[in-house]
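Values quoted throughout were computed directly from the atomic coordinates according to the rules given, and no laboratory measurement underlies them. The model shown is predicted, which means the values in this text are computed figures rather than measured ones. Don't worry about glycine lacking a Cβ; one is built from the backbone with ideal geometry, like all the others, and counts go over all protein chains shown.
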Amino acid sequence: MSSLPVAAHSAGDLALYENSAGFQAFVQRALQAPFLSAEEEYALACRLQDHDDLEAAHTLVRAYLRLVIKTAREYLHYHVSLTDLVQEGTIGLMYAVRKFDPRRGNRLAAYAIWWIRAAMHDFILRSWRMVKMATTQIKRQLFFKLRQNKTSCALLNQDEAEELAQRFGTSSETILEVDCHMAGADESLNQYGTDDTEEWIDRIPDQRPNPEHLLLSSEHKQRATDWIRAGLQQLTPRERWVVSARFLEEEPRTLEALAQVLSISRERVRQVEKRAMEKLHAFFQNQPDLQEWVVESR
């Protein structure tokens, strides 16, 4: 019987954490599965790798479920379900079994533990907060490292953050950010405030635009468009094209660019533009309705 980095826990011990009869039966079967010798493990892994033998894969998974259970218990202080941890760890174990190469000379336990922990870490990070807190690889690592290195539940001060930042090769700002996320608890917006008269969600101001303001804004834009269109009709085709190219396009063109298109000088284009703007100014000045609308819009 080979020596593996697993502990022989009793099903009764694990039942202290989970009372499900189905889960207890699963644990009982996992702990009763026989250990594999190095030779047996090598032969099964070769059968899986060379012949895609699913029965060999099942045997390897069953033999190492006790490693999943033992590892899951190490993360119970994160206040997540043991059954969920075991489930996620089992998925990690399955990936490890599929990718394991026995010809490299390593035991499956040494290889699989990394896949098992990675699966559990990912689950804990997804479950720890409703709002995603570990958005980068370094923050994911810090989440677990800070839990292991902090000596109290109090928030870190600047000196402590700088010391940990040097140890982990990151900035003190990142350390403090992760520590703050870890310390804060999720709060329901549907709980009542201190006066018990309304829920917190009812006190959050609605940042969406006022429908009445949206309607007025839409009307103003439409009226402005109509006035501009009417003004452009007072210009010659060349003047209208120059004004549109200079002021109404998303990327206004330069006088030089227009001069090349029209095959005239840059100064001539400037004169066309100036004459067109004078015509528009005179047109808008002679529209009483437009003047009143401008005053109302301010």
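Starting from the amide H of Asp53, placed 1.01 Å from N in the peptide plane, find each other amide H under 5 Å away whose residue is 5 or more places distant or on another chain.
Here Leu48 satisfy the definition.
How would you rank 94-105, 249-260, highest first, on the average number of other Cβ atoms within 10 Å across their residues?
Numbers: 94-105: 14.8, 249-260: 12.5.
So the peptides 94-105, 249-260, ranked by packing, come out 94-105, 249-260.
Grab the beta carbon distance between Phe168 and Ser81, set R0 = 25 Å, and tell me the FRET efficiency rounded to 0.05. Kindly include the intermediate steps, with their values, before the conclusion.
Values: r = 29 Å, r/R0 = 1.16.
That gives a FRET efficiency of 0.30.
Work out from phi, with θ = phi - 60° and the Karplus expression 6.51 cos²θ - 1.76 cosθ + 1.60, the ³J(HN,Hα) of each residue of segment 92-106, listed in order in whole Hz, and give x for Gly and Pro.
Karplus-based 3J(HN,Hα) across segment 92-106 equals x, 4, 4, 4, 5, 4, 5, 9, 5, 10, x, 6, 7, x, 9 Hz.
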